[in-house]
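A quick write-up on the structure given underneath.
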Amino acid sequence: MESSNFIASQTLSPAQETLYLSHYLPLVKRVVKQLAWQTQSVIDSEDMEQIALMGLLSSLRRYGEPDEQFAAYAYPRIRGAVLDELRAMDWRPRRMRQKAHKINDAIRELGRRLGKELAYEDIVRHLTITPEEYQEYLLLESASALQSLDEMLSEDISIGQHTRPLEEGIIINNSLRAALATLDEREQMILTLYYQHELSLKEIALILDITEARVCQLNKAIVQKVKVAMAQ
């Protein structure tokens with residue numbers, strides 16, 4: 001349950017709303033940039049920006065006069081508005097999800113059979129899958145993993161210390177901080193580059209000198225580690 005501090009104490013005038021929407025537009029741009037790579041096949045950036053803008057407006061009307069805490073309050077709600085819309089659109093078609101599950105099961109079984117962590121070469125050698133299908137699978141799995149992490153982070157922010165400025169990072173809850181401490185240096189770097197520097201997977205791959213496919217694989221591992229650590 002949210003603190004009563006975040007129930008609007010006054011109604012903003014239309015002129016004030018317009019002013020604050022303009023002032024906090026960078027939050028909207030940030031959300032759109034981060035999510036665009038996952039969703040460009042089903043929704044364009046302009047439509048996503050309108051949805052995010054409505055999330056910002058809703059946050060303003062609920063919060064009231066913005067202060068230094070507002071950005072940290074509004075950001076997860078803007079992301080949530082976009083993610084809710086994407087879920088309503090069923091933006092990952094059922095056929096694609098079923099195909100991804102099938103590939104995932106085959107890869108898991110192959111890994112058990114070979115008794116090692118699979119490389120790309122192992123997968124294309126032993127499974128009937130094209131490079132294009134494998135890349136599509138990785139992107140879908142990575143998008144799903146990051147959405148799961150988005151939801152965990154958003155929940156954490158909503159019950160956490162709203163007084164912490166967004167620029168200090170989104171890691172605010174002790175249990176989440178401890179979970180992220182279980183990640184190795186490269187995994188933590190990926191989260192920093194994605195969430196705080198807002199880089200795409202391709203940009204992250206270039207910086208770390210690994211393939212985009214490897215970034216996708218690491219994203220899945222990161223989310224799994226965080227889930228396990230938080231469950232403990």
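Key figures for this structure:
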read-out: Matching residues in the range 192-210 - criterion: being open to solvent by 50 Å² or more (accessible area, probe 1.4 Å) and in contact with a helix residue (DSSP H, G or I) (Cβ under 6 Å, 6 or more places away or on another chain); value: 202
read-out: Lone qualifier among 1, 54 - being open to solvent by 80 Å² or more (accessible area, probe 1.4 Å), hydrophobic (A, V, I, L, M, F, W, C) and modelled with pLDDT of 90 or more; value: 54
read-out: Tally, over the range 30-51, of residues that are surrounded by 14 or more Cβ atoms within 10 Å (Cβ to Cβ) and either at pLDDT 95 or above or more than 18 Å from residue 84 (Cβ to Cβ) (or both); value: 2
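A quick yes/no check of all residues on (1) open to solvent by less than 80 Å² (accessible area, probe 1.4 Å); (2) in contact with a Lys or Arg (Cβ under 8 Å, 6 or more places away or on another chain); (3) at pLDDT 80 or above:
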| residue | (1), (2), (3) |
| --- | --- |
| 97 | no, no, no |
| 107 | yes, no, yes |
| 114 | yes, no, yes |
| 120 | no, no, no |
| 126 | no, no, yes |
| 130 | yes, no, yes |
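The values are calculated or read from the model by the stated rules, or taken from the named source; none is laboratory data. These numbers were taken from a predicted model, which means no experiment stands behind them. We place every Cβ from the backbone using ideal geometry, glycine too, and count neighbours over all the protein chains shown. Side chains included, ligands, DNA and RNA excluded: accessible areas come from the protein's heavy atoms. Shrake-Rupley method; radii C 1.70, N 1.55, O 1.52, S 1.80 Å.
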